[in-house]
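The next block holds one structure in the form of structure tokens; read it before the comments.
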Amino acid sequence: MRRFTACTIAVVLPLITPALCTSFLNHSRLLVSIEDSGWYEDNVPFVELPDQNIQDVYYYRLQSYKEHLFYTSTENGYISTEFLLPVGYGGPYGGIVAAAGHHITEGRWLRDVTYGQDLVKYVSRKLQLSWVDEHMVFVTDQH
């Protein structure tokens, strides 16, 4: 019986593993019920999971996150809003700073980092305003 050393396995395994494990996902099938599929193709990692419920939740969260991205202006770019419509206690453009750290964390996996960077800039520019100060520690921790 032939024995393989750790060195042999380390050299051979990478050569055969991709051939055995790689598969390509049909993105159009995964995005069949989602509007603006081009944005998802450009920005999100696609997964196919053995549990359909978990996979549905994954794509629902992507869709929900995208729906809450709001372009404000050339100065501020995008923010991620807590609500689809602005609320009276929100900041400019409906931004809710208490949730900014969560939005940054949730969007870290997007390929286009502009969304997270814009949100950090939006909050950072407002440091002199009282509605930002109490939550800034959490936001800077997430960046």
At R0 = 25 Å, FRET efficiency that the Cβ-Cβ distance of ILE54 and THR74 yields, to 0.05:
0.05
proj_area_mean for the range 51-96 (convex hull on C-alpha atoms), units nm², value 3.6
Residue separation between LEU25 and ARG125 times 0.36 nm, minus their alpha-carbon distance, gives in nm 31.9 nm
Return the tail of the calculated pair distribution for the range 26-142, meaning the percent of Cα-Cα pairs more than 24 Å apart.
30
How long is the gain from GLN117 to TYR93 if the chain were fully straight, where each residue apart is worth 0.36 nm and the alpha carbon distance is subtracted?
7.0 nm
Can you compute the charge dipole magnitude of the range 26-142 about its Cα centre, using +1 on each Lys and Arg Cβ and -1 on each Asp and Glu Cβ, nothing else charged? Give it in debye, rounded to the nearest 20.
220
Using amide H atoms built 1.01 Å from N in the peptide plane, name the residues 5+ places from LEU110, or on other chains, whose amide H lies under 5 Å from its own.
none
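Only the coordinates and a few stated rules stand behind these numbers; no lab work does. This is a predicted model, so every value here is computed, not measured. For neighbour counting, all protein chains shown are included, and Cβ atoms are generated from backbone atoms with ideal geometry for every residue, glycine included.
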